[in-house]
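The values are calculated or read from the model by the stated rules, or taken from the named source; none is laboratory data. Being a predicted model, the structure only gives us computed values, none of them experimental. Methodologically, a virtual Cβ is constructed for each residue, glycine included, from the backbone with ideal geometry; neighbour enumeration extends over all protein chains shown.
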Amino acid sequence: MLSVYAASETSLKKVASADLAALPENAVWIDLVKPTSAEDHAVERLAGIAVPTREDMQEIEISSRLYIENGARYMTATLMCAADTQTPRTTAVTFILASHRLVTVRYDEPKPFMLVENKLARACAPGITGEMVLMELLDAVIDRNADMMCCPVDYTNSPHIIMQNDHMISINNTTQIDLQGQAASESDGHRHISGTGGQPQFVRGTYASKGGKSFICLASTYERKTVRKSRIVLNLTQGNIVTTPRSDTMYVVTEYGMVNLKGKSVAERARALIAIAHPDFREELERDAYAHGLIPRGVTFN
């Protein structure tokens, strides 16, 4: 469903039966709800943007939720739905600002959208812009979450603050991990991929939390030029940045299982990680671990 809102003299009015072939140039806010492919393309033509798919919105990394593309500003946020019911749920919503026009993409009905639509239909500031509509939506979101507290990143990502939450759980993704438990999540060799995204701070804070559990998750393999390779390796790729040191790594998870490295020796770590590697690579990893002394000769495991 696509709803188009344009400014009148003193309010923001919903345009009746907007024609996909000719969306109004004076549109201030375009709200896409479970959009069809045709609706996506119509908005992309008008606004000069790329509308993200539902999968894109759900899978986006925290460190990539704010970005600029072709002059348009994108923000993806997780909002609450049905918060006043017995079955509250969350949903991803993307906000896109381009040429003072706001495009929202969503697949559920967060209540702030209805509240803002009704409020602006009654009255709005002269010359309202997409930026102003976005501020109204964010204000309504915060107002609906009375317990929300906004703090700077040096507070929210401080391990000392994180550890004060008993039974803290942190879940992070990595691209490669070696047999000693060093996780490299920022680069592919010397090619930069992303920032830390707070991974080392949350891993360390969770490690120190009473009853806390930190999870580093990764697919066991990846493909490059049709060649499958293991993400669990003897040595990290040359140039890779260590995001989480082995001394902080707790649980490591692949599609083949989960292991807890906390308190384990080097040999025990290597053996545990090999056990959750892809079966096609386990024999090679074990052979390399013995050859390089990670698992000393004569050491056996029950």
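Listing for the model above:
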read-out	value
Residue 178 vs. criteria at pLDDT below 95 and either more than 22 Å from the chain's Cα centre (by Cα) or hydrophobic (A, V, I, L, M, F, W, C) (or both)	no
For residue 50: the one exception among (1) hydrophobic (A, V, I, L, M, F, W, C); (2) under 28 Å from residue 193 (Cβ atoms); (3) at pLDDT below 85	(3)
Residue check for residue 78: more than 19 Å from the chain's Cα centre (by Cα) and at pLDDT below 90	no
Residue satisfying all of: in the range 104-139; closer than 11 Å to residue 5 by Cβ and not in a helix (DSSP H, G or I); nearest to the chain's Cα centre (by Cα) among these	104
Test for residue 200: is it out of contact with any Phe, Trp or Tyr (no Cβ under 9 Å at 6 or more places or on another chain) and in the same structural domain as residue 28 (by TED's automatic domain parsing)	no
Residue in the range 32-42 that is within 24 Å of residue 126 (Cα to Cα) and either surrounded by fewer than 14 Cβ atoms within 10 Å (Cβ to Cβ) or not assigned by TED's automatic domain parsing to the domain that holds residue 173 (or both) present	no
Search result, residues across the range 139-172 that are within 30 Å of residue 120 (Cα to Cα) and surrounded by fewer than 17 Cβ atoms within 10 Å (Cβ to Cβ)	139, 142, 143, 144, 145, 146, 147, 148, 149, 150, 151
Among the candidates 175, 104, 129, residue that is crowded, with 18+ Cβ neighbours inside 10 Å, within 22 Å of residue 72 (Cα to Cα) and either in the same structural domain as residue 74 (by TED's automatic domain parsing) or among the polar types (S, T, N, Q) (or both)	104
Residue in the range 54-75 that is more than 19 Å from residue 34 (Cβ to Cβ), in contact with a strand residue (DSSP E or B) (Cβ under 6 Å, 6 or more places away or on another chain) and outside any strand (DSSP E or B) present	yes
Qualifying position, being touching a residue at least 12 places away in the same chain (Cβ under 8 Å) and not acidic (Asp, Glu), among 68, 128	128
Scope the range 4-38; condition at pLDDT 90 or above and among the charged types (D, E, K, R); matching residues	31, 34
